[in-house]
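For reference, the structure is listed below as structure tokens.
The values are calculated or read from the model by the stated rules, or taken from the named source; none is laboratory data. These numbers come from a predicted model, not from an experiment. Every residue, glycine as well, gets a Cβ built from its backbone with ideal geometry; the counts of neighbours run over all protein chains shown. Side chains included, ligands, DNA and RNA excluded: accessible areas come from the protein's heavy atoms. Shrake-Rupley method; radii C 1.70, N 1.55, O 1.52, S 1.80 Å.
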Amino acid sequence: MNKLPLLPLRDIVIFPDMIVPLFVGREKSVLAIEEVMKKDNDDKKILLLTQKDPLTDNPGKNDLYKVGVLANILQMLKLPDGTVKVLVEGLTRVKIFDVTDDKFLSANSKDYHEKVSKKEEGVALVRAISDQFEGYVKVNKKISKEVLTSVAQIDDPIKLSNTVAAHLNIKIAEKQELLDTESIEKRLTKILQLLESEMDVLKVEKKIRSRVKRQMEKTQREYYLNEQLKAIQKELGEIE
């Protein structure tokens, strides 16, 4: 089995079916990308794994999660400041082993065998997540309507889990846990729970913002009325 170059990621977990731009500046990471781009064919594969601590500048195998994705580099652009911008497409979940640290990190990997064991439960969870995600997008304005349209058209449980997980505003450790979960039913259940929890938080945040806004408007109105009253009193004083 041939080892593949490995790219450590800070503050992002990439799922299969995601197409994401990455800005790469660390020397080893740039060398890993350059190694992949040496291939003449379109098969420009690289392993993407998230760091446990984003502040670690030179991560080794113990600083990385063991589950990541096999990805394809679609585009690469060298920027004037020496960093590299790459467009990557997540392909499949993989578990890495035999990590070596030379000029750059590289590793062997094996695929996750994802499958739905309880078909009826999978269908029900897909439907529930699609409905809940629609409400989530209405409250969370950061997600585009195009994403909502895309999710509404997905009936494959695996693809749905990847797409929704990628757009959830949750902690890196929580996203990694979703990536680690092999059982599709368990993964979908976790996503549904996270969606419901996030909805509750967003609703509370909305209430707080509305309350603060009303208080600010009341304060501004009182200030304006007080200034008007002072002006009237001054005017009356001058007349007297």
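Before moving on, here are some points about what is shown:
- If you filter the stretch 1-27 down to residues that are farther than 16 Å from Gly68 by Cβ and of a type outside the set (A, V, I, L, M), you find that the one that is surrounded by the fewest Cβ atoms within 10 Å (Cβ to Cβ) is Asn2.
- Among the residues of the stretch 148-184, those that are over 16 Å from the mean Cα position of the chain (by Cα) and either under 13 Å from Val13 (Cβ atoms) or open to solvent by less than 10 Å² (accessible area, probe 1.4 Å) (or both) comprise Thr181, Ile184.
- Test: residue in the stretch 198-218 that is within 18 Å of Leu125 (Cα to Cα), of a type in the set (Ser, Thr, Tyr) and assigned to a helix (DSSP H, G or I): no
- Answer from Ile154, Ile143, Ile158, Ile170 - the residue that is part of a helix (DSSP H, G or I), of a type in the set (Val, Ile, Thr) and in contact (Cβ under 8 Å) with a residue 12 or more places away in the chain: Ile158
- Unique residue being open to solvent by 50 Å² or more (accessible area, probe 1.4 Å), more than 23 Å from the chain's Cα centre (by Cα) and farther than 19 Å from Glu196 by Cβ when the list is Lys145, Lys119: Lys119
- Residue check, Lys85 surrounded by fewer than 15 Cβ atoms within 10 Å (Cβ to Cβ), touching a residue at least 60 places away in the same chain (Cβ under 8 Å) and over 17 Å from the mean Cα position of the chain (by Cα): yes
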